[in-house]
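Visitor: Please read through the structure below; I'll follow up with questions.
The values are calculated or read from the model by the stated rules, or taken from the named source; none is laboratory data. This one's a predicted model, so the numbers in the text were calculated from it and none came from an experiment. All Cβ positions, glycine included, derive from the backbone under ideal geometry; neighbour counts span all protein chains shown. Accessible surface is based on the protein model in full, side chains and every heavy atom, while ligands, DNA and RNA are left aside. Shrake-Rupley method; radii C 1.70, N 1.55, O 1.52, S 1.80 Å.
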Amino acid sequence: MSWQLVRTSVPQGLVAGSNGFCTVARSRDLSPSLTQTLETISGYRRLPNDPAANPVALSHVILENGGFSRRVVSRIADAGLDHTGRANKIAHHIVLSESDLEATSPESIFSARRLFRERWEEPPRYFDEPTPLPPKSISSTLCPCPAWTKLGDAGWAGYIASTVLSARQVVLVARPGLDILPLFLEAVSVLPDAKRWDATFSTY
């Protein structure tokens, strides 16, 4: 089963007395330590000169918590103005269980529509049911990688995939406005199925 947590700016948060940018919803059985960790990774840096171009940060990270490695998929983005008229943001994190890793894939998670909250317009609450996740996509390690091909060389997908196998980091520098999520997902799809959840990334 999965767990989730949502943070944004509201007049009243989930915890009594909390307001402003705070947790507005989370799974009821999410541990206090993991709750705190998710709250600390909810930051977002806006572009100072062109707010309309603020990118969406989509990420997969691996957190060590309570002796376990937890895979966390997240969406953090600008959310317009809050109830006070100040700039707002929203962060939605989904923590995957071991059974989730077998049932779904990074490509399925980040290709799913309406999985992550982009606005919060309801009272603070607890989630008592696990997040319904999309089934694992069927993709081939011999995929043509159309997003990379469009940029000129599909071989870069294999290069990025190789950094996962060798535990190296790579930074992708892209022009503003380019959707780089497909580039990461195509690189992940090149990996063997058992290694795809070892690939961590952030689009911003």
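Visitor: If you scan the stretch 137-160, which residues turn out to be modelled with pLDDT of 90 or more and within 26 Å of L115 (Cβ to Cβ)?
Guide: C145, P146, A147, W148, K150, A157, I160
Visitor: Give the stretch 29-42 a look and list any residue that's touching a residue at least 40 places away in the same chain (Cβ under 8 Å) and more than 20 Å from M1 (Cα to Cα), or say none.
Guide: Residues satisfying the conditions are I41, S42.
Visitor: Kindly evaluate P134 against the criterion of being modelled with pLDDT of 95 or more and either part of a loop (DSSP other than H, G, I, E, B) or among the small types (G, A, S) (or both).
Guide: no
Visitor: Can you tell me which residue among L30, L14, L38 is within 17 Å of the chain's Cα centre (by Cα) and either at pLDDT 95 or above or under 18 Å from E64 (Cα atoms) (or both)?
Guide: L38
Visitor: Okay, next question. Conditions first: (1) within 24 Å of F201 (Cα to Cα); (2) touching a residue at least 40 places away in the same chain (Cβ under 8 Å); (3) open to solvent by 90 Å² or more (accessible area, probe 1.4 Å); (4) over 17 Å from the mean Cα position of the chain (by Cα). S99 passes all but one, so which condition is the exception?
Guide: Status for S99: all satisfied but (3).
Visitor: Being acidic (D, E) and open to solvent by 60 Å² or more (accessible area, probe 1.4 Å), is that true of even one residue in the stretch 64-78?
Guide: yes
Visitor: When you check S42 against the structure, is it over 18 Å from G80 (Cα atoms) and of a type outside the set (A, V, I, L, M, F, W, C), yes or no?
Guide: Against the criterion (over 18 Å from G80 (Cα atoms) and of a type outside the set (A, V, I, L, M, F, W, C)), S42 does not qualify.
Visitor: A follow-up question, please. Scan the helices (runs of 4 or more DSSP H) fully inside the stretch 137-204 and keep the ones with 3 or more residues being within 26 Å of D100 (Cβ to Cβ).
Guide: 155-165, 181-190
Visitor: Within the stretch 172-190, can one find any residue that is closer than 30 Å to T23 by Cβ, open to solvent by less than 90 Å² (accessible area, probe 1.4 Å) and charged (D, E, K, R)?
Guide: no
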